[in-house]
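Engineer: Let me begin by handing over the structure; questions about it come next.
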Amino acid sequence: MTIDRAVRRRFALAVFFIFVALLPLSAQQKPDCTVRVTLLQVNDVYQFAPVDQGTRGGLARLLTMKKAIQKESPNTLFLLSGDTISPSVESITYKGAQMIDAWNTAQLDYSTLGNHEFDFGPDVLRQRMQESKFKWLAANVIDKKTGKPFGDTPAYAVREFDGVRVAIFGLTLEETRVTSRPGPDVDFLNPCDTARKLVAEIHATGIKTVVALTHLSMGEDKQVARCSGVDVIIGGHEHTLLESSSGGAPIFKMTADARELGQIDLNISKDTGAVESIDWKIIPVNERVPEDPQFAAVNRKYGALLKELARVVGRTGVDLDARSAVGRNQETNVGDLIADAFRFSTRSDVGLMNGGSIRADEIIKAGLLTRRDILSILPFKNKVIKVEVTGATLRQVLEHGVARSAEDAEPGRFPQVSGIRFTFDGRRPAGSRIIDLSINGRPLDEKKIYTLATSDYVGIDGGDGYAMLKAARVLIPRERAQFDSDVLQAVVVKRVVAPKTDGRIKRLDQNQKQENDCK
Ligand SMILES: [Zn+2]
């Protein structure tokens, strides 16, 4: 037995040594000729705290994941494909500075500019870029005064790993010019033209591996992949998990708010410096990932606000449609809920809310409603005032509300109403589009005085062109009025809401833009 066992042990040891001797051979062969560069990808991240009731996302978890992956793959770059400074409830207060704090702590390496980076104007963006410890890249966003990339950033960055060089450049949606607030001094060049020129320039320096960090539509990403010769596109903007390929280059997009982390491994030949193969996986960022303790300082700094925003204030029994493209074109259940809340809280005959002041731009799922949900729908802290108007003025108000409905894709003035039912036709001339109009079940009486609840933005400032209300007699002035968000919150605190559209607004022309392509 003893001999037998000894023989067996010797045999086992021999097998083990053969195994070990063989292993390094095969394991060493690969690193000898290829270098693995790992790209970690997130895009469209508006909150550093976890989302979906804490179940997904969160930059503290990302930091844990990044550190673990980097241990196993030291040549790691952590990338953000744009959209982070805006919009969010936190950014109402901090204008994106909270996200820069968070990314600095999360050890981000590079970000491209998303369209929303310009929401607070170019000066605020410059300030945010200066606060960033990571580098911004957007080769096609040009400061007209210098002719160079906006914010004094380089056209591309180069990193060297174990002797191979990797170039990275950024691209941003051209439409940012009109969908955000870059001001007159910022130009957006064609992404394909920019990429083609830049990749040729990069290749001329002998660098073979080129990564495009983009915030474009998938269609544009595919064009860039075909026209430029990039090796991989790390993209964003759609808020949809997408894995595509064009011109031989894979294109990746995560959803949003760091619900997933993309891990893209570039296996680069040491001999040629070119990408030999690409491996990838999409890793869910969920509760199983512990938060990195290093992130505690950020959580502490913004803790009071986060706690307040996470406070549950009510419940909705149905999905709340707060999509901008819908609420600026037709009746929505959120529009009805808000206009009703305005009207009933002020005991007015009718209520009106301009669709453009209703935000969130998403469908809020049935379930618990937090203070964050309320503020995301009504972020402007407008006051709910009450005025007196004649029937004739009320008709004028509504005509004004639909006067851009056929001309603009998303007119902010579009009226969400309460106590009012009307039919309109966008094909008719502006000013005579309302075909049928009744107030609380009776035809509108042009001479009658009605009380109207609306926001101070519309009713006092004449915002969105509602100038005809400026002369109205004010019954509840803004000094005595409640915030719109508080009025809405009071409704959901009282009962489980389940608003349904009831056909109070009928639209005869179907020239409606249903999808918001400006995420
Ligand atoms: Zn975007």
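Engineer: According to the square roots a ≥ b ≥ c of the eigenvalues of the Cα gyration tensor, what is the shape class of the stretch 259-354, taking rounded for a/c under 1.5, prolate for a/b larger than b/c otherwise, and oblate for the remainder?
Structural biologist: prolate
Engineer: Averaged per residue, what accessible surface does the chain expose to a 1.4 Å probe, in Å²?
Structural biologist: Each residue of the chain exposes 44 Å² on average to a 1.4 Å probe.
Engineer: Sticking to Cα atoms, compute the Rg of the chain to one decimal and its Dmax as the biggest Cα-Cα distance, whole number, in Å.
Structural biologist: Rg, Dmax (Cα atoms, Å): 28.1, 114.
Engineer: I need the peptides 135-142, 304-311, 234-241 ranked by packing, meaning the mean over residues of other C-beta atoms within 10 angstrom, with the highest value on top.
Structural biologist: So the order, starting with the most tightly packed, is 135-142, 234-241, 304-311.
Engineer: Using only Cα atoms and rounding to the nearest 10 degrees, what angle (0 to 90) does helix 2-33 make with the longest principal axis of the chain?
Structural biologist: So the inclination is approximately 60 degrees.
Engineer: Counting only protein heavy atoms and using a 1.4 Å probe, what share of the accessible area of the stretch 369-489 belongs to carbon plus sulfur, as a whole percent?
Structural biologist: For the stretch 369-489, the apolar C and S fraction of the accessible surface comes to 47 percent.
Engineer: If one takes the longest principal axis of the Cα atoms in the chain, at what angle in degrees, from 0 to 90 and to the nearest 10, does the Cα axis of helix 484-494 lie?
Structural biologist: 90 degrees
Engineer: Take every DSSP beta bridge with both residues inside the stretch 392-516 and express the antiparallel ones as a percent of the total, to the nearest 5.
Structural biologist: 70 percent
Engineer: Between the stretch 454-474 and the stretch 327-372, how many Å separate their Cα centres?
Structural biologist: Centre-to-centre (Cα) distance: 18 Å.
Engineer: Between Asp279 and Lys67, what is the FRET efficiency for a Förster distance of 25 Å, r being their Cβ-Cβ separation, to the nearest 0.05?
Structural biologist: Numbers: r = 20 Å, r/R0 = 0.81.
Taking R0 as 25 Å, the efficiency between Asp279 and Lys67 is 0.80.
Engineer: Additional query: Based on DSSP, what percent of beta bridges with both residues in the chain are antiparallel, to the nearest 5?
Structural biologist: Counting DSSP beta bridges with both partners in the chain, the antiparallel share is about 70 percent.
Engineer: Moving to a separate point now. May I ask you to derive the FRET efficiency for Val178 and His203 from their Cβ-Cβ distance with R0 = 25 Å, giving the value to the nearest 0.05?
Structural biologist: It comes out at approximately 0.15.
Engineer: Ignoring everything but the protein chains, give the 1.4 Å probe accessible area of Lys270 in square angstrom, nearest 10.
Structural biologist: Its heavy atoms expose roughly 90 Å² to the probe.
Engineer: Taking one equal scatterer on every alpha-carbon of the stretch 64-143, how large is log10 of I(q)/I(0) by Debye at q = 0.17 1/Å?
Structural biologist: -0.67
Engineer: Set the Förster distance to 41 Å, then compute FRET efficiency between Ser432 and Asp152 from the Cβ-Cβ distance, nearest 0.05.
Structural biologist: The value I calculate is 0.20.
Engineer: Right, next: Would you calculate, for the chain, the mean residue ellipticity at 222 nm contributed by helices, counting each DSSP H stretch of 4 or more residues as -39,500 (n - 2.57) and dividing by all residues, to the nearest 500?
Structural biologist: Counting only the DSSP helices, I get -9500 deg cm²/dmol.
Engineer: Sticking with this structure for a sec: Using the structure shown, list the pairs from Lys145/Lys470; Lys66/Lys301; Lys95/Lys145 with a Cα-Cα distance above 29 Å, or answer none.
Structural biologist: Lys145/Lys470
Engineer: While we're on this one: Mind putting a number on the dipole of the chain about its Cα centre? Charges go on the C-beta only, +1 for Lys and Arg and -1 for Asp and Glu, and I need it in Debye to the nearest 20.
Structural biologist: Once rounded to the nearest 20, the dipole reads 1180 debye.
The values are calculated or read from the model by the stated rules, or taken from the named source; none is laboratory data. Everything numeric here is computed off the predicted structure, so don't read it as measured data. Every residue, glycine among them, receives a Cβ derived from its backbone with ideal geometry; neighbour counts consider all protein chains shown. Side chains included, ligands, DNA and RNA excluded: accessible areas come from the protein's heavy atoms. Shrake-Rupley method; radii C 1.70, N 1.55, O 1.52, S 1.80 Å.
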